[in-house]
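I have placed the structure first, in the form of structure tokens, so that the comments after it can refer back to it.
The values are calculated or read from the model by the stated rules, or taken from the named source; none is laboratory data. Here the structure is a predicted model, which is why all the values come from computation and not from measurement. Glycine gets a Cβ as well: all are built from the backbone with ideal geometry, and neighbour counts include every protein chain shown. SASA here: full protein model, heavy atoms, side chains in, ligands and nucleic acids out. Shrake-Rupley method; radii C 1.70, N 1.55, O 1.52, S 1.80 Å.
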Amino acid sequence: MKSEAKTVIIGGGIIGLSIAYNLAKLGAEDVVVLEKSYLGNGSTFRCGTGIRQQFGDEANIRMMKRSVELWKGMKEELGYDVEFKQSGYLFLLYDEEELESFKANVRLQNRFGIPSRIISPDEAKMIVPPLNTEGVIAAAWNHTDGKANPFRAVFAYANAAKKLGVEIYEYTEARDIKVEDGKIRAVLTNRGEIKTGRVINAANAWAPLINKMAGIPVEIPIHPYKHQGIKTEPIKPGQIEPMVISFKHGGVYLTQEANQGGVIGGYELKYGPTYDITPTYEFLRGVSYRFTQLIPALKYVNVIRIWGGFYAETPDHNAAIGRINEVDEFYIAAGFSGHGFMLAPAVGEAVAELIMDGKTDKPLDFYDPYRFERGELRQQAIQMG
Ligand SMILES: Cc1cc2nc3c(=O)[nH]c(=O)nc-3n(C[C@H](O)[C@H](O)[C@H](O)COP(=O)(O)OP(=O)(O)OC[C@H]3O[C@@H](n4cnc5c(N)ncnc54)[C@H](O)[C@@H]3O)c2cc1C
């Protein structure tokens, strides 16, 4: 392991790796990623694979529009197929109030060039043939949303970053950060010390612990909540192509994996704050019930796996991204709740631009880490699960 590096990124999830890759792409030398376990083991390998631009605020729509452009070109850019598929997102709407709020979202999305629209229950059933449309009055549909394989995406970013000179150390835990006179001097790990002048906190659910190590005085409320996922045995491909969501059924979301055919998803049940991610029977029962309400035929399909993972939640469900003023060259990109996988390409690009160019055209102000302390919460991000 190196004993000195210009930049140390703490966290080997999709966010830390995307930042590492983008920094190296912009010419940063001497970048190191520390991961306390194996790459992806935090939230990233436990996610629901969904990628959408259907948000209800300008910043997330713009970030996701850029992310989708990057997801689209990722196979060519990173040289590895991440199984990105634009199979759409379908929000089922059951009453006028829901419909009105989704109409407003669609108008905003259309202003930024996202081709979302409100469709009829019959059209929804054409898109998802086994869908139960009882009670559905309309749906919000965007065919350019989609999904990708988190396992492949992690390895794509890691390998591309390594090719550009980034060093990635797995099973290497940051245990302390030496700061003197407001300047970072070193990161102490279980494998020794790395002298450095710059740290990027990409530890998501563990981000508050990293802030504490560096003595960051600003309060950035990120709390780990256990959310769970489920996967069924494969069914005939093409049955449930888009991500299908119903807030009226406890925030249930489900989709068929792009290449393997299993149905994956979850719902709003959460526990915490906690660092325990043991799966629960309550989830298995609750998610199975909701899946079969939306797609009745799923009652004949076997579940093969359930798992737990973290939503690293902030009070407005938007991440904290930016520079910390009190400690020179300390940055944070953490607290991504249920949408960090999809945002990773644009976040990596934005943070790298901020560091290398001192500015970015992406709306990072929205994710200002100081907004909590100022009591300026953003509009709640639309969140699945
Ligand atoms: C059930 C579920 C479904 C989800 N579905 C979706 C979805 O459909 N779409 C979507 O976009 N998002 C989804 N998410 C959210 C998504 O998984 C996260 O937002 C995203 O993975 C965050 O990436 P990250 O790199 O910030 O965090 P992580 O992947 O958690 O990476 C942080 C890493 O930091 C490491 N670390 C922590 N402390 C230290 C230390 N001291 N030293 C070294 N390393 C350290 C951890 O081990 C971890 O690997 C879902 C999450 C869950 C749990």
Fill in the blank from the handout: Flagged pairs (Cβ under 7 angstrom, 6 or more apart or on separate chains; first in the range 120-148, farther than 22 Å from I51 by Cα and among the β-branched types (V, I, T); second part of a strand (DSSP E or B) and open to solvent by less than 10 Å² (accessible area, probe 1.4 Å)) are V136/L92; V136/L93; I137/L93
Handout entry: Output for the range 48-97, where each listed residue is buried (at least 19 other Cβ atoms within 10 Å of the Cβ), within 16 Å of the ligand (Cβ to nearest atom) and without any contact (Cβ under 8 Å) to a residue 60 or more places away in the chain
Key = I61
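Tell me which strands (runs of 3 or more DSSP E) are completely within the range 208-271 and hold 1 or more residues being open to solvent by 40 Å² or more (accessible area, probe 1.4 Å), modelled with pLDDT of 95 or more and within 13 Å of the ligand (Cβ to nearest atom), or say none if there are none.
Output list reads 223-232.
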Handout entry: Subset of the range 48-84 [of a type outside the set (S, T, Y) and assigned to a loop (DSSP other than H, G, I, E, B)]
Key = G48, R52, Q53, Q54, F55, G56, D57, D81, V82, E83, F84
Problem - Criterion violated by G27 - all others in (1) away from the ligand (no atom under 16 Å from the Cβ); (2) on the phi < 0 side of the Ramachandran plot; (3) in contact (Cβ under 8 Å) with a residue 12 or more places away in the chain satisfied - result: (2)
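Based on this model, can you work out whether L34 counts as touching a Ser or Thr at 6+ places or on another chain (Cβ under 9 Å), under 30 Å from D276 (Cα atoms) and at pLDDT 95 or above? Explain how you work it out, then say what you get.
Values: touching a Ser or Thr at 6+ places or on another chain (Cβ under 9 Å): yes; under 30 Å from D276 (Cα atoms): yes; at pLDDT 95 or above: yes.
Criteria met by L34.
Going through the range 285-320 one residue at a time, which ones are aromatic (F, W, Y) and closer than 20 Å to K226 by Cβ?
If the condition is that a residue be aromatic (F, W, Y) and closer than 20 Å to K226 by Cβ, then Y289, F291, W307, F310, Y311 are the ones that fit.
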Fill in the blank from the handout: Heads up, the strands (runs of 3 or more DSSP E) in the range 294-359 (entirely inside) with at least 3 residues that are within 8 Å of the ligand (Cβ to nearest atom) are 303-313
Practice task
Test each condition in (1) open to solvent by less than 40 Å² (accessible area, probe 1.4 Å); (2) near the ligand (Cβ under 9 Å from one of its atoms) for G182 and report the one that comes out false.
Solution key: (2)
Completion exercise
All-but-one check, E349 against (1) touching a His at 6+ places or on another chain (Cβ under 8 Å); (2) open to solvent by 10 Å² or more (accessible area, probe 1.4 Å), failing number (1)
Practice task
Those residues that are of a type outside the set (A, V, I, L, M, F, W, C) and under 17 Å from the mean Cα position of the chain (by Cα), I need them from the range 198-246; list them, please.
Solution key: N201, N204, H223, P224, Y225, K226, H227, Q228, G229
Completion exercise
By residue number, the members of the range 170-185 that are in contact with an Asp or Glu (Cβ under 8 Å, 6 or more places away or on another chain) and within 27 Å of V154 (Cβ to Cβ) are E170, Y171, T172, I184
Exercise for the section: Collect the residues in the range 121-159 that are open to solvent by 30 Å² or more (accessible area, probe 1.4 Å) and of a type in the set (D, E), keeping them in residue-number order. Expected result: D122, E123, E134
Problem - Lone unmet requirement of (1) under 25 Å from Q383 (Cβ atoms); (2) in the same structural domain as G265 (by TED's automatic domain parsing) for V82 - result: (2)
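Of everything in the range 31-47, what is assigned to a helix (DSSP H, G or I) and open to solvent by less than 20 Å² (accessible area, probe 1.4 Å)? Give them in sequence order.
Hit for the range 31-47 is T44, nothing else.
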Completion exercise
Taking first residues from the range 285-303 that are open to solvent by less than 50 Å² (accessible area, probe 1.4 Å) and second residues anywhere that are in a helix (DSSP H, G or I) and of a type in the set (V, I, T), the pairs with Cβ under 7 Å that are 6 or more apart or on different chains are L298/T292
Problem - the range 2-24 - residue that is away from the ligand (no atom under 13 Å from the Cβ) and assigned to a loop (DSSP other than H, G, I, E, B) and, of those, farthest from L343 (Cα to Cα) - result: S3
